[in-house]
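Input: a single structure, listed below in C-alpha cells.
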Amino acid sequence: MRYRYKLIENSDYIANSSGLFTMGHWLRDWLIHNGMPSHCVHSAGGGTNVDVALINPLPKTHNKILFIGMDFRRKGGFITYEAFKLLRESGENVELYVIGPSSNPIKSPVNGYHYIGQISFDEEAKYLNMCDIFCMPSYFEAYGLVFVEALTFGLPCIGRNRQEMPYFIKDGETGLLLKNDDPNELAHLMLRALHEKSFSENVLARREQYINDYSWDTVAKRIASVIR
C-alpha cells in the first residue's frame with residue numbers, strides 16, 4: 001500500500017514507501033506527527049561498537065566533565081564551557097575536557113579547561129575512563145549514540161530535554177536534562193551529577209542493558225522481526 005503525506009510529498013522514494021525504519025524514537029514520533037501512518041514507521045535503534053575491553057574506569061575525582069562533539073556550537077559546547085566557567089569562578093575545582101573540534105573553539109580559557117581535539121575512539125576511551133560525567137546539551141540531536149557510549153563506560157550524562165536525548169537519559173536517575181538555555185541551570189546540573197552518588201550507581205547497574213540494547217545484533221533482530 002502506498003501513502004503520501006505532507007512532510008515528504010516531494011520525495012517519491014520515501015512518500016511511496018510502505019514502511020520506514022528510523023534509528024530513534026523521536027524521529028519515528030516526528031514522522032507520525034507529520035502524517036506518516038504509525039504502523040509504517042519502526043524504531044530500530046543503533047549500535048555503538050563499544051569495545052568492552054576498553055572499559056577500565058580510573059579512580060573518580062568527582063570533578064572531571066567530558067564533552068565530545070565535532071560541531072561545537074550545535075552540540076552545546078559553548079553553553080557547556082560557560083557553565084564550567086561559572087563553577088570555576090565560584091571556587092569549584094572542576095575540569096572540562098573537550099574532544100572533537102578540529103581547532104580549539106575557546107580562546108583564552110580559564111584554568112581547568114583541556115582541549116583534546118580529534119582523536120580515535122581508542123584514545124577517547126582514556127577520557128571516558130578518567131572523567132566523572134558526560135555533558136553534551138545539544139541543540140539538535142536526532143539520535144546521539146555518544147550518550148550510550150558514555151553510559152556504557154559508567155558516566156552519568158547531561159543532555160537537553162529534546163529530541164532523542166530523553167530516551168537515552170533517565171532524568172534524575174542516569175543523568176539530568178537541561179530544560180532552559182541557561183548556563184546557571186547547567187552549572188547546577190553539573191554539580192548534581194558530579195556529587196550525587198546515585199547517578200553513577202544507576203548507570204553502572206545498567207551497563208549490560210546498554211551493551212545488549214545498543215548492539216548491531218539487537219538492531220538486526222528488531223528489523224528482522226518487523227520484516228517477518
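The values are calculated or read from the model by the stated rules, or taken from the named source; none is laboratory data. Note that the coordinates shown come from a computational prediction; the quantities given were computed from them, not determined experimentally. Note: ideal-geometry Cβ built from the backbone for every residue, glycine included; neighbour counts use all protein chains shown.
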| request: Inspect all residues belonging to segment 164-184 and state whether any of them is in the same structural domain as Glu92 (by TED's automatic domain parsing), buried (at least 22 other Cβ atoms within 10 Å of the Cβ), assigned to a helix (DSSP H, G or I) and over 13 Å from the mean Cα position of the chain (by Cα). | output: no
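With respect to Thr48, is the statement that it is assigned to a helix (DSSP H, G or I) and among the hydroxyl-bearing types (Ser, Thr, Tyr) true?
So Thr48 does not fit the description; no.
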| Single residue of Val219, Val226 found to be of a type in the set (A, V, I, L, M, F, W, C), surrounded by 17 or more Cβ atoms within 10 Å (Cβ to Cβ) and in a helix (DSSP H, G or I) | Val219
| field | Residue among Ile119, Ile106 that is in a loop (DSSP other than H, G, I, E, B), more than 12 Å from Gly69 (Cα to Cα) and free of Cβ contacts under 8 Å to residues at least 40 places away in the same chain | value | Ile106
| Lone unmet requirement of (1) over 17 Å from Thr48 (Cβ atoms); (2) free of Cβ contacts under 8 Å to residues at least 60 places away in the same chain for Gln163 | (2)
| remark: Taking segment 132-154 and keeping residues under 10 Å from Phe67 (Cα atoms) and either part of a loop (DSSP other than H, G, I, E, B) or of a type in the set (Phe, Trp, Tyr) (or both) leaves Phe134, Met136, Pro137
| Scan of segment 28-51 for residues that are more than 30 Å from Glu208 (Cβ to Cβ), in contact with a Phe, Trp or Tyr (Cβ under 8 Å, 6 or more places away or on another chain) and surrounded by 15 or more Cβ atoms within 10 Å (Cβ to Cβ), ordered by number | Met36, Cys40
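Which residues, taken from segment 93-119, are among the β-branched types (Val, Ile, Thr) and buried (at least 19 other Cβ atoms within 10 Å of the Cβ)?
First, pick out the residues of segment 93-119 that are among the β-branched types (Val, Ile, Thr): 94, 98-99, 106, 110, 116, 119.
The answer is Val94, Val98, Ile99.
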| field | Single unsatisfied condition, Thr61 versus (1) outside any helix (DSSP H, G or I); (2) in contact with a helix residue (DSSP H, G or I) (Cβ under 7 Å, 6 or more places away or on another chain); (3) more than 30 Å from Arg28 (Cα to Cα) | value | (2)
| said: Can you tell me which residue is modelled with the highest pLDDT among those in segment 26-68 that are of a type in the set (Lys, Arg) and under 22 Å from Tyr127 (Cβ atoms)? | reply: Lys64
| remark: By residue number, the members of segment 200-216 that are part of a helix (DSSP H, G or I) and in contact with a Ser or Thr (Cβ under 7 Å, 6 or more places away or on another chain) are Asn202, Val203, Arg207, Tyr210, Ile211, Asn212
